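First comes the structure, then the notes that go with it.
The values are calculated or read from the model by the stated rules, or taken from the named source; none is laboratory data. If you're wondering where the values come from, they're calculated on a predicted model, not measured in any experiment. Here Cβ is always computed from backbone atoms with ideal geometry, including for glycine, and neighbour counts include all displayed protein chains.
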Amino acid sequence: MPSFPKPSFTYSYNVNTEIAALRKWRDTEPRRAIPAKVANRLLIGTWNIANLGTQDRNPRDHALLAEVVSWFDVVALQEVKNDRSGLDALLEALPAGWRAIYSDAAGNDERMAFVYDSKKVRPRELVGEIAISPADLKNVKLPEATLAKFEGFDRNPFICSFQVKNTVFCLVNAHLYYGDDTAKAALDRRALEACAVARWCAREAASKYALTPFIAAMGDFNLPKKQPGDPIFEALTKTGLTLPEHSTQVGSNLEGDKQYDQVAFFPAGAGTRFTGKAGVFDFDGAVFAKLWQEKTKAQFRSFVRYYLSDHRPLWAEFKV
(Lines give C-alpha, C1' and ligand atoms only; values in the text may rest on other atoms or scores of the structure.)
Protein backbone atom coordinates (compact mmCIF):
# COMPACT_ATOMS: atom_id res chain seq x y z
CA MET A 1 0.00 0.00 0.00
CA PRO A 2 1.12 3.63 -0.27
CA SER A 3 3.03 4.91 2.72
CA PHE A 4 0.89 6.09 5.60
CA PRO A 5 0.97 9.83 6.33
CA LYS A 6 3.54 10.78 8.91
CA PRO A 7 1.88 11.81 12.20
CA SER A 8 1.68 15.56 12.70
CA PHE A 9 2.94 15.26 16.28
CA THR A 10 6.13 13.89 17.80
CA TYR A 11 6.49 11.42 20.64
CA SER A 12 9.76 10.47 22.27
CA TYR A 13 10.08 7.13 24.00
CA ASN A 14 12.70 5.06 25.82
CA VAL A 15 13.34 1.94 23.77
CA ASN A 16 14.34 -0.18 26.78
CA THR A 17 11.11 0.73 28.56
CA GLU A 18 9.07 -0.27 25.51
CA ILE A 19 10.97 -3.54 25.05
CA ALA A 20 10.28 -4.38 28.69
CA ALA A 21 6.59 -3.65 28.12
CA LEU A 22 6.52 -5.93 25.08
CA ARG A 23 8.11 -8.78 27.00
CA LYS A 24 5.75 -8.35 29.93
CA TRP A 25 2.71 -8.39 27.60
CA ARG A 26 4.06 -11.51 25.87
CA ASP A 27 4.69 -13.34 29.13
CA THR A 28 1.76 -12.30 31.32
CA GLU A 29 -1.22 -11.31 29.19
CA PRO A 30 -3.69 -14.23 29.00
CA ARG A 31 -3.30 -16.34 25.82
CA ARG A 32 -0.53 -14.11 24.44
CA ALA A 33 2.32 -16.34 25.63
CA ILE A 34 4.73 -17.10 22.81
CA PRO A 35 6.76 -20.23 23.58
CA ALA A 36 10.46 -19.84 24.23
CA LYS A 37 12.81 -20.80 21.42
CA VAL A 38 14.11 -24.32 22.11
CA ALA A 39 16.13 -26.84 20.09
CA ASN A 40 13.31 -29.29 19.35
CA ARG A 41 10.70 -26.72 18.32
CA LEU A 42 10.38 -24.44 15.30
CA LEU A 43 8.70 -21.07 15.78
CA ILE A 44 7.64 -19.47 12.52
CA GLY A 45 6.16 -16.01 12.27
CA THR A 46 4.65 -13.78 9.63
CA TRP A 47 4.46 -10.01 9.78
CA ASN A 48 3.35 -7.35 7.34
CA ILE A 49 5.55 -4.45 8.47
CA ALA A 50 3.93 -1.47 6.79
CA ASN A 51 6.05 -0.06 3.96
CA LEU A 52 9.35 -1.18 5.39
CA GLY A 53 11.91 1.07 3.74
CA THR A 54 9.79 4.08 2.85
CA GLN A 55 8.24 5.16 6.15
CA ASP A 56 10.63 7.29 8.17
CA ARG A 57 11.51 4.95 11.02
CA ASN A 58 14.46 5.64 13.31
CA PRO A 59 16.84 3.18 15.07
CA ARG A 60 14.55 2.94 18.11
CA ASP A 61 11.63 1.90 15.91
CA HIS A 62 13.72 -0.75 14.17
CA ALA A 63 14.89 -1.97 17.60
CA LEU A 64 11.26 -2.53 18.67
CA LEU A 65 10.47 -4.37 15.44
CA ALA A 66 13.61 -6.47 15.84
CA GLU A 67 12.73 -7.33 19.43
CA VAL A 68 9.51 -9.03 18.35
CA VAL A 69 11.06 -10.67 15.27
CA SER A 70 13.86 -12.13 17.42
CA TRP A 71 11.38 -14.22 19.41
CA PHE A 72 10.99 -16.54 16.40
CA ASP A 73 13.28 -18.76 14.33
CA VAL A 74 12.17 -17.62 10.89
CA VAL A 75 9.77 -14.84 9.93
CA ALA A 76 8.04 -14.11 6.62
CA LEU A 77 7.89 -10.36 6.01
CA GLN A 78 5.55 -8.54 3.65
CA GLU A 79 5.66 -4.94 2.40
CA VAL A 80 9.45 -4.88 2.25
CA LYS A 81 10.00 -2.12 -0.27
CA ASN A 82 12.37 -2.11 -3.23
CA ASP A 83 14.32 0.39 -1.13
CA ARG A 84 15.98 -2.13 1.19
CA SER A 85 17.08 0.43 3.80
CA GLY A 86 14.31 -0.65 6.19
CA LEU A 87 15.20 -4.34 5.89
CA ASP A 88 18.89 -3.54 6.32
CA ALA A 89 18.12 -1.50 9.44
CA LEU A 90 16.00 -4.34 10.84
CA LEU A 91 18.81 -6.84 10.27
CA GLU A 92 21.29 -4.50 11.95
CA ALA A 93 19.01 -4.30 14.99
CA LEU A 94 18.56 -8.09 15.21
CA PRO A 95 21.00 -10.26 17.18
CA ALA A 96 24.15 -11.48 15.44
CA GLY A 97 23.52 -14.36 13.08
CA TRP A 98 20.23 -13.22 11.61
CA ARG A 99 20.09 -13.36 7.80
CA ALA A 100 17.62 -12.46 5.05
CA ILE A 101 16.46 -13.87 1.71
CA TYR A 102 14.20 -11.71 -0.42
CA SER A 103 12.50 -11.57 -3.80
CA ASP A 104 12.53 -8.91 -6.46
CA ALA A 105 10.02 -6.07 -6.25
CA ALA A 106 6.57 -6.49 -7.80
CA GLY A 107 3.15 -4.93 -7.15
CA ASN A 108 3.26 -1.75 -5.07
CA ASP A 109 7.06 -1.88 -5.31
CA GLU A 110 7.12 -4.64 -2.68
CA ARG A 111 9.55 -7.44 -2.04
CA MET A 112 8.75 -10.60 -0.09
CA ALA A 113 11.40 -11.52 2.48
CA PHE A 114 12.32 -14.17 5.00
CA VAL A 115 14.54 -13.33 7.95
CA TYR A 116 15.93 -16.22 9.96
CA ASP A 117 18.24 -17.08 12.83
CA SER A 118 21.16 -18.76 11.06
CA LYS A 119 22.44 -20.17 14.36
CA LYS A 120 19.46 -22.55 14.27
CA VAL A 121 17.99 -22.42 10.75
CA ARG A 122 19.81 -22.97 7.48
CA PRO A 123 18.45 -22.42 3.98
CA ARG A 124 17.97 -25.36 1.61
CA GLU A 125 17.96 -25.60 -2.16
CA LEU A 126 14.41 -24.66 -3.10
CA VAL A 127 14.09 -20.90 -3.53
CA GLY A 128 11.78 -19.20 -6.04
CA GLU A 129 8.36 -17.75 -6.75
CA ILE A 130 5.08 -19.44 -7.56
CA ALA A 131 5.05 -19.41 -11.34
CA ILE A 132 2.02 -20.50 -13.36
CA SER A 133 2.48 -21.31 -17.02
CA PRO A 134 0.23 -19.51 -19.52
CA ALA A 135 -1.41 -22.83 -20.40
CA ASP A 136 -2.32 -23.43 -16.74
CA LEU A 137 -3.82 -20.01 -16.02
CA LYS A 138 -7.26 -21.16 -17.17
CA ASN A 139 -7.26 -23.86 -14.47
CA VAL A 140 -7.10 -21.32 -11.67
CA LYS A 141 -10.81 -20.73 -11.34
CA LEU A 142 -13.67 -20.52 -8.91
CA PRO A 143 -17.29 -21.29 -9.84
CA GLU A 144 -18.56 -18.10 -8.21
CA ALA A 145 -15.90 -15.75 -9.63
CA THR A 146 -17.04 -13.15 -12.14
CA LEU A 147 -13.59 -12.60 -13.62
CA ALA A 148 -13.14 -14.28 -16.98
CA LYS A 149 -9.74 -15.67 -16.07
CA PHE A 150 -6.87 -15.57 -13.65
CA GLU A 151 -4.15 -13.32 -15.06
CA GLY A 152 -1.42 -13.86 -12.50
CA PHE A 153 -0.39 -12.48 -9.13
CA ASP A 154 0.05 -8.83 -8.26
CA ARG A 155 3.02 -10.02 -6.14
CA ASN A 156 4.27 -13.54 -6.83
CA PRO A 157 4.35 -15.55 -3.59
CA PHE A 158 7.94 -16.25 -2.56
CA ILE A 159 9.03 -19.83 -1.80
CA CYS A 160 11.97 -20.70 0.44
CA SER A 161 13.05 -23.98 1.98
CA PHE A 162 14.93 -24.29 5.26
CA GLN A 163 16.19 -26.95 7.65
CA VAL A 164 16.33 -27.24 11.44
CA LYS A 165 18.10 -30.34 12.75
CA ASN A 166 16.81 -33.12 10.44
CA THR A 167 13.56 -31.37 9.55
CA VAL A 168 13.28 -29.74 6.14
CA PHE A 169 10.40 -27.33 5.59
CA CYS A 170 9.13 -25.19 2.76
CA LEU A 171 7.44 -21.84 3.39
CA VAL A 172 5.38 -19.81 0.94
CA ASN A 173 5.34 -16.08 1.69
CA ALA A 174 2.20 -14.46 0.25
CA HIS A 175 0.74 -10.98 0.14
CA LEU A 176 -2.47 -11.26 -1.84
CA TYR A 177 -4.11 -8.53 -3.87
CA TYR A 178 -6.34 -6.22 -1.84
CA GLY A 179 -8.03 -3.64 -4.07
CA ASP A 180 -11.39 -2.40 -2.82
CA ASP A 181 -12.66 -4.54 0.04
CA THR A 182 -16.26 -3.74 -0.93
CA ALA A 183 -15.96 -4.45 -4.67
CA LYS A 184 -16.81 -7.96 -5.83
CA ALA A 185 -14.33 -7.80 -8.70
CA ALA A 186 -11.50 -7.10 -6.24
CA LEU A 187 -12.63 -9.91 -3.93
CA ASP A 188 -12.83 -12.27 -6.90
CA ARG A 189 -9.29 -11.38 -7.93
CA ARG A 190 -8.08 -11.94 -4.37
CA ALA A 191 -9.92 -15.26 -4.17
CA LEU A 192 -8.34 -16.40 -7.43
CA GLU A 193 -4.89 -15.56 -6.04
CA ALA A 194 -5.74 -17.58 -2.91
CA CYS A 195 -6.86 -20.45 -5.14
CA ALA A 196 -3.57 -20.33 -7.05
CA VAL A 197 -1.56 -20.52 -3.80
CA ALA A 198 -3.64 -23.46 -2.60
CA ARG A 199 -3.22 -25.28 -5.94
CA TRP A 200 0.56 -24.89 -5.84
CA CYS A 201 0.73 -26.18 -2.26
CA ALA A 202 -1.43 -29.19 -3.13
CA ARG A 203 0.59 -29.96 -6.26
CA GLU A 204 3.88 -29.74 -4.39
CA ALA A 205 2.62 -31.83 -1.48
CA ALA A 206 1.53 -34.58 -3.89
CA SER A 207 4.69 -34.52 -6.03
CA LYS A 208 7.21 -37.34 -5.72
CA TYR A 209 9.84 -34.71 -6.49
CA ALA A 210 8.91 -32.47 -3.57
CA LEU A 211 11.80 -31.52 -1.33
CA THR A 212 9.63 -32.01 1.76
CA PRO A 213 6.00 -32.71 2.73
CA PHE A 214 6.29 -29.95 5.37
CA ILE A 215 4.76 -27.07 3.40
CA ALA A 216 3.16 -24.00 4.93
CA ALA A 217 1.68 -20.97 3.18
CA MET A 218 1.83 -17.87 5.31
CA GLY A 219 1.52 -14.13 5.10
CA ASP A 220 -1.03 -11.45 4.48
CA PHE A 221 -3.91 -13.14 2.67
CA ASN A 222 -6.16 -10.11 3.19
CA LEU A 223 -8.62 -12.59 4.67
CA PRO A 224 -11.56 -10.75 6.23
CA LYS A 225 -12.91 -13.69 8.25
CA LYS A 226 -11.41 -17.11 8.91
CA GLN A 227 -14.69 -18.96 8.53
CA PRO A 228 -16.71 -20.90 5.95
CA GLY A 229 -18.56 -18.59 3.61
CA ASP A 230 -15.76 -16.07 3.35
CA PRO A 231 -14.65 -16.26 -0.31
CA ILE A 232 -10.94 -15.95 0.47
CA PHE A 233 -11.16 -18.62 3.17
CA GLU A 234 -13.05 -20.94 0.82
CA ALA A 235 -10.48 -20.49 -1.96
CA LEU A 236 -7.52 -20.97 0.34
CA THR A 237 -8.86 -24.14 1.97
CA LYS A 238 -10.42 -25.82 -1.08
CA THR A 239 -7.41 -28.13 -1.62
CA GLY A 240 -7.24 -29.20 2.02
CA LEU A 241 -5.12 -26.48 3.61
CA THR A 242 -6.14 -25.82 7.18
CA LEU A 243 -5.80 -22.64 9.21
CA PRO A 244 -5.18 -23.48 12.87
CA GLU A 245 -7.12 -21.98 15.72
CA HIS A 246 -5.31 -19.17 17.49
CA SER A 247 -4.78 -18.95 21.21
CA THR A 248 -5.53 -15.24 20.89
CA GLN A 249 -9.02 -14.22 19.91
CA VAL A 250 -7.92 -10.97 18.28
CA GLY A 251 -7.63 -9.90 14.68
CA SER A 252 -4.30 -9.25 13.01
CA ASN A 253 -5.08 -5.63 12.08
CA LEU A 254 -4.80 -2.80 14.61
CA GLU A 255 -8.58 -2.50 14.85
CA GLY A 256 -8.72 -6.20 15.71
CA ASP A 257 -11.67 -6.96 13.43
CA LYS A 258 -9.93 -8.69 10.48
CA GLN A 259 -8.00 -11.92 10.19
CA TYR A 260 -5.82 -10.89 7.28
CA ASP A 261 -2.67 -12.73 8.34
CA GLN A 262 -2.56 -16.52 8.52
CA VAL A 263 -0.46 -19.65 8.32
CA ALA A 264 -1.97 -22.58 6.40
CA PHE A 265 -0.80 -26.19 6.05
CA PHE A 266 -2.00 -29.71 5.27
CA PRO A 267 -2.88 -31.93 8.25
CA ALA A 268 -0.93 -34.84 6.74
CA GLY A 269 2.17 -32.71 6.14
CA ALA A 270 3.20 -29.89 8.44
CA GLY A 271 0.11 -30.65 10.52
CA THR A 272 1.74 -33.81 11.86
CA ARG A 273 4.35 -31.60 13.51
CA PHE A 274 2.08 -28.77 14.65
CA THR A 275 2.08 -28.46 18.45
CA GLY A 276 -1.34 -26.80 18.53
CA LYS A 277 0.19 -23.49 19.57
CA ALA A 278 -0.46 -20.44 17.35
CA GLY A 279 -1.61 -16.90 17.84
CA VAL A 280 -1.55 -13.20 17.02
CA PHE A 281 0.67 -10.93 19.09
CA ASP A 282 -1.13 -7.62 19.63
CA PHE A 283 1.98 -5.57 20.36
CA ASP A 284 -0.07 -2.38 20.24
CA GLY A 285 -1.61 -3.33 23.58
CA ALA A 286 1.78 -2.95 25.23
CA VAL A 287 3.73 -0.14 23.59
CA PHE A 288 3.55 3.61 24.07
CA ALA A 289 1.35 3.62 27.19
CA LYS A 290 1.87 7.33 27.79
CA LEU A 291 0.93 8.14 24.20
CA TRP A 292 -2.28 6.11 24.63
CA GLN A 293 -3.15 8.15 27.69
CA GLU A 294 -2.36 11.54 26.15
CA LYS A 295 -3.73 11.21 22.61
CA THR A 296 -6.92 10.03 20.97
CA LYS A 297 -7.27 6.43 19.82
CA ALA A 298 -6.96 7.61 16.21
CA GLN A 299 -3.76 9.53 16.95
CA PHE A 300 -2.29 6.57 18.83
CA ARG A 301 -2.98 4.21 15.93
CA SER A 302 -1.59 6.70 13.40
CA PHE A 303 1.69 6.70 15.34
CA VAL A 304 1.81 2.92 15.75
CA ARG A 305 1.02 2.15 12.10
CA TYR A 306 3.62 4.63 10.82
CA TYR A 307 6.57 3.83 13.08
CA LEU A 308 5.77 0.13 13.71
CA SER A 309 2.95 -1.36 11.60
CA ASP A 310 -0.78 -1.57 10.98
CA HIS A 311 -0.57 -5.38 11.12
CA ARG A 312 0.16 -7.60 14.09
CA PRO A 313 2.52 -10.57 13.76
CA LEU A 314 1.14 -14.11 13.73
CA TRP A 315 3.07 -17.19 14.81
CA ALA A 316 2.83 -20.97 14.95
CA GLU A 317 4.96 -23.70 16.61
CA PHE A 318 6.06 -27.03 15.18
CA LYS A 319 8.08 -30.04 16.42
CA VAL A 320 11.44 -30.70 14.79
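Could you check, for the range 239-253, whether at least one of its residues is surrounded by 22 or more Cβ atoms within 10 Å (Cβ to Cβ) and touching a Ser or Thr at 6+ places or on another chain (Cβ under 8 Å)?
No, every residue in the range 239-253 fails to be surrounded by 22 or more Cβ atoms within 10 Å (Cβ to Cβ) and touching a Ser or Thr at 6+ places or on another chain (Cβ under 8 Å).
For the range 205-225, name all the residues that are aromatic (Phe, Trp, Tyr) and either outside any loop (DSSP other than H, G, I, E, B) or within 16 Å of Thr242 (Cα to Cα) (or both). So that I can check it myself, show each step before the final result.
Applying the first criterion (aromatic (Phe, Trp, Tyr)) to the range 205-225 yields 209, 214, 221.
Of everything in the range 205-225, those that are aromatic (Phe, Trp, Tyr) and either outside any loop (DSSP other than H, G, I, E, B) or within 16 Å of Thr242 (Cα to Cα) (or both) turn out to be Phe214, Phe221.
Just the residues that are part of a helix (DSSP H, G or I), without any contact (Cβ under 8 Å) to a residue 12 or more places away in the chain and not hydrophobic (A, V, I, L, M, F, W, C), please, taken from the range 1-22. Full working, then the answer.
Restricting attention to the range 1-22, the residues satisfying the condition of being part of a helix (DSSP H, G or I) are 15-22.
From what's left, without any contact (Cβ under 8 Å) to a residue 12 or more places away in the chain: 16-17, 20.
If the condition is that a residue be part of a helix (DSSP H, G or I), without any contact (Cβ under 8 Å) to a residue 12 or more places away in the chain and not hydrophobic (A, V, I, L, M, F, W, C), then Asn16, Thr17 are the ones that fit.
Would you check which residues across the range 99-131 are closer than 23 Å to Pro213 by Cβ, in contact with a Phe, Trp or Tyr (Cβ under 8 Å, 6 or more places away or on another chain) and crowded, with 16+ Cβ neighbours inside 10 Å and list them?
Answer for the range 99-131, where residues must be closer than 23 Å to Pro213 by Cβ, in contact with a Phe, Trp or Tyr (Cβ under 8 Å, 6 or more places away or on another chain) and crowded, with 16+ Cβ neighbours inside 10 Å: Ile101, Met112, Phe114, Tyr116, Val121, Pro123, Glu129, Ile130.
What pairs come up if the first residue lies in the range 89-109 and is at positive phi, the second is not in a loop (DSSP other than H, G, I, E, B), and their beta carbons are under 7 Å apart, counting only those six or more places apart or on different chains?
Qualifying pairs under 7 Å: Gly97/Asp117; Asp109/Lys81.
Quick one: Glu151 ticks every box in (1) surrounded by 15 or more Cβ atoms within 10 Å (Cβ to Cβ); (2) under 27 Å from Pro2 (Cα atoms); (3) over 20 Å from the mean Cα position of the chain (by Cα) except a single one, so which number is it?
Here Glu151 meets the rest and fails (1).
Could you say which residue among Val304, Val263, Val287 is at pLDDT 95 or above, in a helix (DSSP H, G or I), buried (at least 17 other Cβ atoms within 10 Å of the Cβ) and among the β-branched types (Val, Ile, Thr)?
Details: Val263 fails: in a helix (DSSP H, G or I); Val287 fails: in a helix (DSSP H, G or I).
Step by step, each of Val304, Val263, Val287 is checked, and only Val304 is at pLDDT 95 or above, in a helix (DSSP H, G or I), buried (at least 17 other Cβ atoms within 10 Å of the Cβ) and among the β-branched types (Val, Ile, Thr).
Would you check which residues across the range 173-197 are of a type in the set (A, V, I, L, M, F, W, C), within 16 Å of Gly152 (Cβ to Cβ) and crowded, with 20+ Cβ neighbours inside 10 Å and list them?
Hits for the range 173-197 are Ala174, Leu176, Ala191, Leu192, Ala194, Cys195, Ala196, Val197.
Out of the range 26-56, which residues are closer than 26 Å to Asn222 by Cβ, surrounded by 13 or more Cβ atoms within 10 Å (Cβ to Cβ) and either of a type in the set (Val, Ile, Thr) or over 20 Å from the mean Cα position of the chain (by Cα) (or both)?
Ile34, Ile44, Thr46, Ile49, Thr54
Just the residues that are surrounded by 20 or more Cβ atoms within 10 Å (Cβ to Cβ) and of a type in the set (A, V, I, L, M, F, W, C), please, taken from the range 201-231.
Cys201, Ala205, Phe214, Ile215, Ala216, Ala217, Met218, Phe221, Leu223
So, of the residues in the range 266-284 that are outside any helix (DSSP H, G or I) and of a type in the set (A, V, I, L, M, F, W, C), which turns out to be farthest from Lys24 (Cα to Cα)? So that I can check it myself, show each step before the final result.
Step one: of the range 266-284, the residues outside any helix (DSSP H, G or I) are 266-269, 273-282.
Still in the list and also of a type in the set (A, V, I, L, M, F, W, C): 266, 268, 274, 278, 280-281.
On the way: Phe266: 34, Ala268: 36, Phe274: 26, Ala278: 19, Val280: 16, Phe281: 12 Å.
The extreme case among them is Ala268.
Just to be sure, is Gly229 touching a helix residue (DSSP H, G or I) at 6+ places or on another chain (Cβ under 8 Å), small (Gly, Ala, Ser), assigned to a loop (DSSP other than H, G, I, E, B) and at positive phi? Before you say what the answer is, go through the steps one by one.
Numbers: touching a helix residue (DSSP H, G or I) at 6+ places or on another chain (Cβ under 8 Å): no; small (Gly, Ala, Ser): yes; assigned to a loop (DSSP other than H, G, I, E, B): yes; at positive phi: yes.
Answer is no for this residue.
Inside the range 169-195, can you point out the residues that are outside any loop (DSSP other than H, G, I, E, B), over 20 Å from Leu77 (Cα atoms) and among the hydrophobic types (A, V, I, L, M, F, W, C)?
At the first step, the residues of the range 169-195 found to be outside any loop (DSSP other than H, G, I, E, B) are 169-175, 184-195.
Imposing the further condition that a residue be over 20 Å from Leu77 (Cα atoms) reduces the set to 184-189, 191-192, 195.
The answer is Ala185, Ala186, Leu187, Ala191, Leu192, Cys195.
Identify the single condition in (1) at pLDDT below 95; (2) hydrophobic (A, V, I, L, M, F, W, C); (3) exposed (fewer than 15 other Cβ atoms within 10 Å of the Cβ) that Ala145 does not satisfy, given that it satisfies every other one.
Among (1) at pLDDT below 95; (2) hydrophobic (A, V, I, L, M, F, W, C); (3) exposed (fewer than 15 other Cβ atoms within 10 Å of the Cβ), Ala145 violates only (3).
Do we find a residue being part of a loop (DSSP other than H, G, I, E, B), in contact with a Leu (Cβ under 7 Å, 6 or more places away or on another chain) and at pLDDT 95 or above anywhere in the range 233-241?
no
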